[in-house]
Amino acid sequence: MAAGAKKLPFWADAILLPALNLLAAFLVSGIVIWALGEDPFLALSLLIDGAFGFEEAISYTFYYATNFIFTGLAVSIAFHAGHFNIGGEGQAMLGGLGLTLAVFLFSGLSPFLAVIMAIIGAALFGAAWAYVPAYLQAKRGSHIVITTIMFNFIASSLLAYLLVGPLQRPGGQMPESADFPEGASLMPLHEIFGMFGKTFEDGPMNVSLIIALLCAVGVWFLLWRTRFGYELRVVGQNPNAAAFAGVSVSKMTIIAMMISGALAGMMGLNELLGQQHRLLGGFTLGYGFVGIAVAFMGRNHPVGIILAALLFGALYQGGAELAFEMPTITRDLIIMIQGLVILFAGALEHLFRDPVTRIFTKIQTAKEGAA
């Protein structure tokens with residue numbers, strides 16, 4: 001049996017391997033920073049301080065992490081069903097559109113009702129956008145990676161058309177909608193802390209973080225505590241065995257992709273309903289693609305996804321502070337560091353699996369010999 005085929009302890013698979021991938025990414029980044037004549041340890045210190053060193057930084061870190069929790073969960077649900085949903089960007093865009101339409105339709109009745117309907121609208125539009133590629137995969141055999149990529153482009157074009165046409169701010173020149181009506185927004189968390197007598201510096205972190213965490217709990221319960229989740233995972237592991245056992249593979253494909261699309265669509269809660277308070281062209285900023293790396297680094301488990309999302313949130317926020325403190329390290333270099341983390345955590349996630357497995361095998365053999 002090949003070393004890579006042997007099973008590692010859970011803690012080694014869930015913690016040790018991602019930590020080694022992360023260490024390798026930071027090592028390569030440190031070499032690049034050193035080659036530029038800067039101190040890599042000082043850069044790392046500035047990055048950590050910029051992400052967690054003061055309350056406003058913490059707020060921004062969790063704000064970015066909220067986006068990645070939604071998109072990471074979206075990727076993981078599809079992955080457990082055996083599919084690679086690369087259409088998170090498009091589904092998030094359509095989710096933002098559904099959210100915006102609900103806000104303008106229901107805000108005249110009640111701002112609270114508008115917020116509730118916006119959450120539902122974001123999930124429904126995201127799910128509906130994922131339905132078509134899912135149907136084509138389940139019923140016509142179309143490759144879901146290709147169709148979801150194409151649907152990203154279609155969503156981007158549709159949003160651009162609407163924001164320079166029917167939904168454009170009256171009299172405006174920018175690709176953006178009018179501002180949401182007063183009260184139709186998610187409350188910032190620092191205001192909630194204030195209601196309980198706790199002071200926290202103003203920041204963009206808002207109620208959507210709590211919604212994202214509740215979604216993570218819901219995904220965990222769905223996948224590991226329900227019959228539906230068990231059947232979905234069986235379909236992902238072996239569709240032929242699932243079909244032999246009476247599970248409808250095509251039905252599971254469509255449902256899993258629609259849940260995935262709904263989660264991706266809810267990313268707009270944080271960006272639009274929590275912070276921008278209007279629909280913006282390109283508001284997704286690649287968060288749908290980063291969700292792929294977040295899901296893989298988190299081993300497609302909700303707990304791992306939350307931790308990975310926090311890491312990427314820290315890289316986004318801390319990287320911005322690092323670029324400000326060290327002018328030699330430009331924004332492009334920060335993006336390169338983020339890309340290295342994605343490379344090692346996503347594309348090269350099994351880089352250290354074989355050597356680590358060999359070490360564990362030798363330790364286990366030595367223990368058995370001593371016994």
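Brief remarks follow.
- Comparison of Val132, Val115, Val145 shows that the only residue that is aliphatic (A, V, I, L, M), more than 23 Å from Leu214 (Cα to Cα) and buried (at least 16 other Cβ atoms within 10 Å of the Cβ) is Val132.
- With respect to the conditions (1) surrounded by fewer than 24 Cβ atoms within 10 Å (Cβ to Cβ); (2) farther than 18 Å from Ser156 by Cα; (3) more than 12 Å from the chain's Cα centre (by Cα), Gly281 lacks only one, and its number is (2).
- The sole residue among Gly126, Gly183 that is touching a helix residue (DSSP H, G or I) at 6+ places or on another chain (Cβ under 6 Å) and open to solvent by less than 20 Å² (accessible area, probe 1.4 Å) is Gly126.
- The test for being at pLDDT 85 or above, open to solvent by less than 10 Å² (accessible area, probe 1.4 Å) and in contact with a His (Cβ under 8 Å, 6 or more places away or on another chain) does not hold for Met267.
- Checking each residue in the stretch 250-266 for being more than 10 Å from Ile77 (Cβ to Cβ) and of a type outside the set (D, E, K, R) picks out Ser250, Met252, Thr253, Ile254, Gly265, Met266.
- Residue list for the stretch 272-323, filter: more than 21 Å from Phe10 (Cα to Cα) and either without any contact (Cβ under 8 Å) to a residue 24 or more places away in the chain or basic (Lys, Arg) (or both): Gln276, Arg278, Leu285, Ala323
- If the condition is being without any contact (Cβ under 8 Å) to a residue 24 or more places away in the chain and among the polar types (S, T, N, Q), then the stretch 154-205 contributes Ser157, Gln168, Gln173, Thr199.
- Screening Glu271 against (1) acidic (Asp, Glu); (2) out of contact with any Ser or Thr (no Cβ under 9 Å at 6 or more places or on another chain); (3) in a helix (DSSP H, G or I) leaves a single unmet condition, (2).
- Residue pairs meeting the criteria (Cβ under 8 Å; at least 6 apart or on separate chains; first hydroxyl-bearing (Ser, Thr, Tyr), in the stretch 121-142; second surrounded by 24 or more Cβ atoms within 10 Å (Cβ to Cβ) and part of a helix (DSSP H, G or I)): Tyr131/Met257; Tyr131/Gly261; Ser142/Pro133
- Scan of the stretch 30-88 for residues that are within 16 Å of Leu322 (Cβ to Cβ), within 16 Å of the chain's Cα centre (by Cα) and open to solvent by 40 Å² or more (accessible area, probe 1.4 Å), ordered by number: Tyr60, Tyr64
- Some residue of the stretch 153-176 being under 24 Å from Val207 (Cβ atoms) and of a type in the set (Gly, Ala, Ser): no
- Residue within the stretch 2-25 that is touching a residue at least 12 places away in the same chain (Cβ under 8 Å) and at positive phi present: no
- Hey, Val356 closer than 15 Å to Gly30 by Cα and in contact (Cβ under 8 Å) with a residue 12 or more places away in the chain or not: no
Matching residues to (1) of a type in the set (A, V, I, L, M, F, W, C); (2) buried (at least 20 other Cβ atoms within 10 Å of the Cβ); (3) within 30 Å of Ala78 (Cα to Cα):
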site	(1), (2), (3)
Gly298	no, yes, yes
Ile305	yes, yes, yes
Ala320	yes, no, no
Glu325	no, no, no
Gln338	no, no, yes
Thr365	no, no, no
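The values are calculated or read from the model by the stated rules, or taken from the named source; none is laboratory data. Quantities reported herein were computed from a predicted structural model and do not represent experimental measurements. Glycine gets a Cβ as well: all are built from the backbone with ideal geometry, and neighbour counts include every protein chain shown. Heavy atoms of the whole protein, side chains included, go into the accessibility calculation; ligands, DNA and RNA do not. Shrake-Rupley method; radii C 1.70, N 1.55, O 1.52, S 1.80 Å.
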